[in-house]
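Below is one structure, written out as structure tokens, with a few remarks after it.
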Amino acid sequence: MLAVKLRFRRVNGENLRTKRPVPGVRPSLPGYGFSDKPAAPGGGIERTSDAWCELMARLGYRRFGAQGTGIATSIGQRQPDRVAGIHLMPPLAPPDPATLDDLTGAERAALATLREADEWGSGYSAQQSTRPQTVGYGPVDPPAALCAWIVEKFWSWTDSGGDLHRVITRDELLDNLMLYSLPATGASSARLYWESLRQVNEWISGSAGAPVTVPTGCSVFPKELQRPSRRWAERRFPNIRYWNEPGKGGHFAAFEQPALFVDEVRSFFRLVR
């Protein structure tokens, strides 16, 4: 397990069959929020997913569902016996080369978005994946650098029509920024890119890799950067039980459209136990 203290919150959901409250756990990534900062290399996606499974075991959960993207995928791949299913927003799966001569309109749009993001929006990830310490000091002091570094991504990645505050209020943005400012996680949060971005990029645009066979739900929001088609995703996730493409929402869909997000999660997990 990671040599850091993980912070988490217990939250209550609702059993869709009995209507009784059921507990949930929201861990904070190592190096983010109020979790400790890793003091040595090795805190990538796989190790974090193992740490979360250990956390759930210590809390008494022998089996659970996981929601997320990269780490939820890793949990499903590394410890499939522990999960009833994984819900992904979005599934990280590369284009299928066999389909490139017969693309749908949505698949062409998805490829165009990836090309545009690579040309115009990937500078932050290149910096964080190669020199996270260098950029890490600016977002700690002064706060203006933190605001510029993070809010630009909210402006770019939300489904807001160019008016960010239509979907996320100033107070909500400040709450988010304070979770980086107060615990001074500028460098420690950037280091996750240094640990794992090459692997994530392979999932997005390289080979499909080993299949993840646990029951899988997928929600692909219209302003998400990665929007694989179902036939692309099924090469990596052959056990897709739920697929939906909501009408609005972006990369921060749980933040932008919380009611839609909850509906998506419930719609999948009511199918698996």
**OP:** When you have a sec, figure out the Kirkwood radius of segment 201-249 from all distinct Cα pair distances and drop it here in Å to one decimal?
**Re:** 11.5 Å
**OP:** Please report the relative contact order for the chain, taking Cα pairs under 8 Å with a sequence separation of at least 6, and give it as a percent rounded to a whole number.
**Re:** 23 percent
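What's the magnitude of the charge dipole for segment 39-166 around its Cα centre, counting Lys and Arg as +1 and Asp and Glu as -1 at the beta-carbon? Answer in Debye, nearest 20.
Working: 11 positive and 15 negative charges, 137 e Å.
The dipole of segment 39-166 has a size of about 660 debye.
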**OP:** Tabulate in residue order the Karplus-calculated ³J(HN,Hα) for segment 148-165, using 6.51 cos²θ - 1.76 cosθ + 1.60 with θ = phi - 60°, rounded to whole Hz; enter x for Gly and Pro.
**Re:** 5, 5, 8, 5, 4, 6, 4, 5, 6, 9, 8, 8, 10, x, x, 10, 3, 6
Subject >> For segment 123-179, Kirkwood radius (reciprocal of mean inverse C-alpha pair distance, Å) >> reply: 12.3 Å
Subject >> Highest-first arrangement of 263-271, 52-60, 88-96, where packing means the average Cβ count within 10 Å >> reply: 88-96, 263-271, 52-60
**OP:** Would you mind checking segment 213-237 for residues with the amide N under 19 Å from a putative spin-label position 7 Å along Cα→C-beta of ARG166?
**Re:** 221-225
**OP:** Scan (1) 17; (2) 7; (3) 13 for the value of percent of Cα pairs over 35 Å apart calculated from this model and give just the label.
**Re:** (3)
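If Rh is defined by the Kirkwood formula over all Cα pairs and Rg also comes from Cα, what ratio Rg/Rh do you get for segment 108-228? If you can, show how the numbers build up before the last one.
On the way: Rg = 16.1 Å, Rh = 16.2 Å.
In segment 108-228, Rg relative to Rh is 0.99.
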Original post:
Which of the listed residues, TRP232, GLY44, THR113, is farthest toward the dipole's positive end in the chain, when Lys, Arg count +1 and Asp, Glu count -1 at the beta-carbon?
Top reply: GLY44
**OP:** Compute the distribution of all C-alpha to C-alpha distances in segment 81-170, in bins of 5 Å from 0, and list the percent of pairs in each, rounded to whole numbers.
**Re:** 2, 10, 13, 16, 17, 16, 13, 9, 4, 1, 0
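Taking 8 Å as the Cα distance limit and 6 or more residues as the minimum spacing, I'd like the relative contact order of segment 25-166 as a percentage. Don't jump to the answer; show the numbers that get you there.
On the way: 87 pairs, mean separation 16.3, N = 142.
RCO, segment 25-166: 12 percent.
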Subject >> Lys, Arg +1 and Asp, Glu -1 on Cβ, resulting dipole of the chain about Cα centre, debye, nearest 20 >> reply: 1280 debye
Original post:
How big is the convex hull of the Cα atoms of segment 182-273, per residue, in Å³?
Top reply: 139 Å³
**OP:** Set Lys and Arg Cβ to +1 and Asp and Glu Cβ to -1, take the dipole of segment 136-273 about its Cα centre, and tell me which of SER181, VAL220, PHE252 lies farthest positive.
**Re:** VAL220
Original post:
³J(HN,Hα) across segment 194-202 via Karplus (A = 6.51, B = -1.76, C = 1.60, θ = phi - 60°), whole Hz, x for Gly/Pro?
Top reply: 4, 6, 10, 5, 4, 5, 4, 4, 5
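Counting every Cα pair in segment 15-173, what percent are over 22 Å apart? Write out the running numbers ahead of the final one.
Numbers: 7751 of 12561 pairs.
Taking all Cα-Cα pairs of segment 15-173, the fraction more than 22 Å apart is 62 percent.
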Original post:
Of the heavy-atom accessible surface of segment 167-273 (probe 1.4 angstrom), what whole percent is carbon and sulfur?
Top reply: 53 percent
**OP:** Using per-residue counts of other Cβ atoms within 10 Å, averaged over each peptide, order 98-111, 206-219 from highest down.
**Re:** 206-219, 98-111
Original post:
P(r) of segment 20-111 in 5 Å steps, Cα pairs, percent per bin?
Top reply: 2, 11, 18, 19, 14, 12, 8, 8, 5, 1, 0
Original post:
Around GLY65, which amide H atoms from residues at least 5 apart in sequence, or from another chain, sit under 5 Å from its own amide H, with H modelled in the peptide plane?
Top reply: ALA84
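The values are calculated or read from the model by the stated rules, or taken from the named source; none is laboratory data. Only a predicted model underlies this, so the values are computations on that prediction, with no experimental measurement involved. So basically every Cβ, Gly included, is an ideal-geometry build from the backbone, and we count neighbours across all protein chains shown. These area figures cover heavy atoms from the full protein model, side chains too; ligands, DNA and RNA do not enter into them. Shrake-Rupley method; radii C 1.70, N 1.55, O 1.52, S 1.80 Å.
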